[in-house]
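Just so you know, all these numbers are worked out from the coordinates, no wet-lab data involved. Worth saying up front: this structure is predicted, and the values here are computed from it rather than measured. We place every Cβ from the backbone using ideal geometry, glycine too, and count neighbours over all the protein chains shown.
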């Protein structure tokens, strides 16, 4: 038994989730730095046809390492585009999670999907197989913005995909948006937000486009082929989205996420923000259990080779010490509408709180520090103040 397995067996009292990484996409988007691959980028041993069986091998390994794990509260299939796999394969993986760990009675099971990667039949199979929530990567309602992002779907087809998901019986439906794409006007962004609201989702995520090193997009920016918007424009788009979402009955519960009510919040992501426990299945997937964090080998072929040989796919890991855990708690809980508990701060960090409040960046309620809208726009600065003082 390795050191990680020894500590994992003590995890039974903590909330526990499973993340399943599906690394396949039909097209690699220029802005994306996730561990994803198109079909022609992978060799033998890492095909879509064999992927579910490989993931199941890791689930079985996880079960042996976590004999005392509580029933799984959330399962999240992300990527990549999980719905690039046949729905039957996704259901098989979920059923293996159920047989290995058990699922909580009110388990949340999410899959990400592109609007053009689903059919009424595939959605019905997922829902009947136990999936409760679907998150559509809409990103924009404007064709030229989607083209800049290398997205493949026709925005006119989004309402149809959403209707199919509702007809299949999904309990929760989410829409993902991206703002701050080069060439996106405020009018473009308003159109995207208004279309998303018109879909009547239970949940919306809206993320500012970030240029990640090593991506095709970063190279275009470096060559001056595309110009990123300035910070003021990006902030204006966030404020517009927040105003329109709030007016439609969607309240923020995390910096980039809005929901109709508490039941519509993404419980799996809340699990991350609360530093609970999860096991990440798949190439490059990260896990966090009982103070241990580790990550798998990145390439799908290497991942498959290790598992078929009966070996662990783990690449590396670390033990999280108390100081690191405290900093991460500040970074994560500050993002939440429920706020950061003041009693989690050291004396010096607490001394920084009045200054944050005086600048209009946060309020204190029920002994918690809660960001204002202005504070949400400057969340990194608030965290930096608290961490540096701590």
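Please compute the length gained on full extension between residue 274 and residue 208, using 0.36 nm multiplied by the number of residues separating them and subtracting their Cα-Cα distance.
That works out to 21.5 nm of additional length.
Would you mind computing, in nm to one decimal, how far apart the modelled labels at residue 243 and residue 341 are, each placed 7 Å from Cα along Cα→Cβ?
3.7
With runs of 4+ DSSP H residues as the only contributors, calculate the mean residue ellipticity of the chain at 222 nm using -39,500 (n - 2.57) per run, divided by the residue total and rounded to the nearest 500.
Here the helix-only value at 222 nm equals -11500 deg cm²/dmol.
When a/c reaches 1.5 or more, the comparison of a/b and b/c decides; with that in mind, is the range 322-389 rounded, prolate or oblate per its Cα gyration tensor?
Judged from the Cα gyration tensor, the range 322-389 comes out rounded (a/c under 1.5).
Residue 92 to residue 166: FRET efficiency via 1/(1 + (r/R0)^6), r the Cβ-Cβ distance, R0 25 Å, to the nearest 0.05?
It comes to 0.50.
Using a Gaussian network for the chain with springs between C-alpha atoms less than 10 Å apart, which of these wobbles most: 97, 353, 138?
Fluctuation is largest for 353.
Which ordering of 192, 50, 135 is given by a fewest-first count of other beta-carbon atoms within 10 Å?
Ordered from fewest to most neighbouring Cβ atoms within 10 Å, 192, 50, 135 come out as 50, 135, 192.
Enumerate the residues in the range 69-90 having an amide nitrogen under 15 Å from the point lying 7 Å beyond the Cα of residue 325 toward its Cβ.
Nothing falls inside the zone, counting backbone N under 15 Å.
Report the Cα centroid-to-centroid distance between the range 259-313 and the range 66-82 in angstrom, as an integer.
7
Residue 311 to residue 358: extension gain in nm, 0.36 nm per residue of separation minus the Cα-Cα distance?
This chain segment gains 11.4 nm when fully extended.
Given a 10 angstrom Cα cut-off, can you work out which residue in 354, 300, 283 is the most mobile in a GNM of the chain?
It is 354.
Any chance you could run the full-extension gain for residue 351 through residue 190? It's 0.36 nm times the residue separation minus the Cα-Cα distance, nm to one decimal.
That works out to 54.0 nm of additional length.
Select one label from [x] 28, 56, 15, 1, 0; [y] 26, 59, 14; [z] 31, 61, 8: the one whose number is P(r) over Cα pairs in 20 Å bins from 0, in percent as derived from the coordinates shown.
Matching the structure shown: [y].
How would 272, 51 line up from fewest to most surrounding beta-carbon atoms within 10 angstrom?
272, 51
How high is the relative contact order of the chain, in percent, with contacts defined as C-alpha pairs under 8 Å that are six or more residues apart?
For the chain, the relative contact order is 16 percent.
I'd like the FRET efficiency for residue 301 and residue 367, computed as 1/(1 + (r/R0)^6) with the beta carbon distance as r and R0 of 41 Å, rounded to 0.05.
0.20
For the pair residue 68 and residue 318, what calculated FRET efficiency results from E = 1/(1 + (r/R0)^6), where r is the Cβ-Cβ distance and R0 = 30 Å, to the nearest 0.05?
It comes to 0.85.
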